[in-house]
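A short write-up of the structure that comes next.
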Amino acid sequence: MQKLRFGISGIPHGDRKMTYPEGIEYLRSYGLDAMELPFVRSVNVTDKNRPGILAMKEKHEIYLSAHGSYFINLNAEDAEKREASKERILKGAAALASVGGRSLVFHAGYYLQDTREITLQNILRELETLPDLGVTYRLETTGKETQFGNLEELIAISQTIPTCGICVDFSHIHARYNGILKTYEDFARILEQIGEGLGQSALEDLHLHLSGIHYGPKGEKNHLPFEESDFQYKACLQALKAFHAGGVVICESPILEKDGLLLKEYWETL
């Protein structure tokens, strides 16, 4: 998949409330071709709306992914909480697979009282028990130092478990390290690291989150429109072009489709 698609997280804002099928059709008319379904509080693909989602996905050739539950911690001390986390992951993966989706994105957990190495081993052990449901489990780079999920950790998981991949949230990386991404070279170093760790095939099938972001000494606070943030989206896209990136860019800006189209239109000038 060497083409880079552009889409949004959730249903587009538009000028009215929309269903998933209506949102897919609207996005395509707007010029975007990807949607990340929000399973963050509940898995809202049902027997009632599934046929419509599938029909619109196939008609408009939309890339579908989903963001899994916010309530996941594969490093929880309580075994019941770890099992409940895996059940939430599997429920989301099964629903996404049922509408032809490809990538389930989620935050894997927290360090709590454990070292980074112990946390990595604990989360690896839990992920290894997840069955292959036909979608990629995309672990997302996280926006706070208390959250498991720096780039090195997620590359290590992707090297070990074939069903796992990375969701590179550049805005989270920027916020986690208090505004670290300032230049083309900063973005290029991240892409070099992915290529060295996972190969060119990973660069050709990236799953990316982008938005403006408000942050402080402890990391991420909230998303912002690109033009209200110091996030250098043009330098990011320039680096992606130079590395022959493919896959999908999901915009998480508060002005979803407007900033999604901003990204796509700039990409097309490169």
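Observations on the model:
- Any hit, the range 39-53, residues being at pLDDT 95 or above, touching a Lys or Arg at 6+ places or on another chain (Cβ under 7 Å) and polar (S, T, N, Q): no
- Exclusive hit being over 29 Å from Phe226 (Cα atoms) and either among the basic types (Lys, Arg) or in contact with a strand residue (DSSP E or B) (Cβ under 9 Å, 6 or more places away or on another chain) (or both), set Ile190, Ile166, Ile194, Ile123: Ile123
- Summed over the range 249-270, the residues that are in a helix (DSSP H, G or I) and among the hydroxyl-bearing types (Ser, Thr, Tyr) give a count of 1.
- The range 138-191: number of residues that are out of contact with any Phe, Trp or Tyr (no Cβ under 8 Å at 6 or more places or on another chain), within 17 Å of His214 (Cβ to Cβ) and not in a helix (DSSP H, G or I): 6
- Single condition Val43 does not satisfy, out of (1) in contact with a helix residue (DSSP H, G or I) (Cβ under 6 Å, 6 or more places away or on another chain); (2) under 17 Å from Pro12 (Cβ atoms); (3) surrounded by fewer than 23 Cβ atoms within 10 Å (Cβ to Cβ): (2)
- Only one entry of Ile53, Ile89, Ile118, Ile123 meets the criterion of being surrounded by 21 or more Cβ atoms within 10 Å (Cβ to Cβ) and over 17 Å from Ile166 (Cα atoms), and that entry is Ile53.
- Test: residue in the range 238-249 that is in contact with a Gly (Cβ under 7 Å, 6 or more places away or on another chain) and closer than 22 Å to Pro12 by Cα: yes
Rundown of residues vs (1) surrounded by fewer than 22 Cβ atoms within 10 Å (Cβ to Cβ); (2) touching a Leu at 6+ places or on another chain (Cβ under 9 Å); (3) among the basic types (Lys, Arg), yes/no style:
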| site | (1), (2), (3) |
| --- | --- |
| Arg176 | no, no, yes |
| Phe231 | no, yes, no |
| Leu240 | no, yes, no |
| Val249 | no, yes, no |
| Pro254 | yes, yes, no |
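- Filtering Thr163, Thr136 for residues that are under 24 Å from Ser9 (Cα atoms) and touching an Asp or Glu at 6+ places or on another chain (Cβ under 7 Å) leaves a single hit, Thr163.
- Of the criteria (1) out of contact with any Cys (no Cβ under 7 Å at 6 or more places or on another chain); (2) at pLDDT 95 or above; (3) more than 19 Å from Leu4 (Cβ to Cβ), which one Ile157 fails: (1)
- Reported count of residues in the range 197-248, each being among the aromatic types (Phe, Trp, Tyr) and not in a loop (DSSP other than H, G, I, E, B), is 3.
- Residue within the range 184-206 that is under 27 Å from His13 (Cβ atoms) and buried (at least 17 other Cβ atoms within 10 Å of the Cβ) present: yes
The values are calculated or read from the model by the stated rules, or taken from the named source; none is laboratory data. Computed from a prediction, not measured in an experiment: that's the story for all the values here. Quick reminder, even Gly has a Cβ in these numbers, built from the backbone with ideal geometry, and neighbours come from all protein chains shown.
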